[in-house]
1. Over all pairs of distinct alpha carbons, what does the Kirkwood formula give as the hydrodynamic radius of the chain, in Å?
2. In deg cm²/dmol, rounded to 500, what helix-only [θ] at 222 nm does the chain give when every DSSP H run of at least 4 residues adds -39500 (n - 2.57) and the total is split over its residues?
3. Starting from the Cα-Cα distance between Thr109 and Ser171, subtract it from 0.36 nm times their residue separation and give me the gain in nm to one decimal.
4. Among the chymotrypsin sites (Phe, Trp or Tyr not before Pro) in the range 103-167, which ones are in a DSSP loop with at most 13 other Cβ atoms within 10 Å of the Cβ? Mind listing them?
5. Could you size up the charge dipole of the range 27-173 around its Cα centre, putting +1 on the beta carbon of Lys and Arg and -1 on that of Asp and Glu, and report it in debye to the nearest 20?
6. Output the relative contact order of the chain, whole-number percent, from Cα pairs under 8 angstrom with separation of 6+ residues.
7. Just want the ordering: Ser193, Ser75, Ser59, Ser161, from fewest to most Cβ atoms lying within 10 Å of their own Cβ.
8. With the Cα gyration tensor of the range 38-127 in hand, convert its eigenvalues to equivalent ellipsoid semi-axes via √(5λ) and list them largest first in whole Å.
Amino acid sequence: MRKKISAAVVGIGIAAASVLATGGTATGHGYTDSPISRQKLCANGTVKNCGPIQWEPQSVEGLKGFPNGGPADGSICSGGHQEFAQLDDPRGGSWPTTKLTAGQNHTFTWRFTAAHATTDFRYYITKDGYDPSQRITRANLELAPFLTVPYNGQRPPFTFSHTGRLPSGKSGHHVIVAVWTIADTQNAFYACSDVQF
């Protein structure tokens, strides 16, 4: 029991520190569940040795404005938070992947622990020839989102899905970077999902 209490206290402290560091509020948090994100793989125990993200997969919050702003190259998957750096570690390209079919529709699902006024959801993908053993940088991403879902300042439900078309012509291991842009703070939430076309 003592270990669980300590982990919870550490998680709360990190969330509070993250909020103070980014200037936002802790009222809205979320992550992608489909395709499954790295933070969710850590939280459900599929991937081990993830550090504190395993207790708070919803907390990958960083500055918005991606790709012109936001987290620095190499720390995109962690939202720029050193305590979540395990999300940026490519693990030699061994992150579990979700099988997808290029050019087909996919239902993207987010899980929220609290709703937040939302500008939009944007989805970016790695370029052809991406090496999954490398950290995610802007240089290995297509910088135009393949899908943008406007949300006009509304608050999404706690489970939120929308369908969009995946890029055509993709094959092999890629990473989708999902960005949930918050309307009334300077922040966004980031989720990286490893996929296999």
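Readers should treat all values here as calculations from the given coordinates under stated rules, not as data from a laboratory. None of these values were measured; they are calculated from a predicted model. As a convention, Cβ positions derive from the backbone with ideal geometry for all residues, glycine included, and neighbour counts pool all protein chains shown.
1. Radius from the Kirkwood sum: 16.6 Å.
2. After summing the helix terms and dividing by residue count, I get -4500 deg cm²/dmol.
3. 20.1 nm
4. Phe158
5. That gives the range 27-173 a dipole magnitude of about 300 debye.
6. Computed value for the chain: 28 percent relative contact order.
7. Ser161, Ser75, Ser59, Ser193
8. Taking √(5λ) for each eigenvalue gives 20, 19, 16 Å, largest first.
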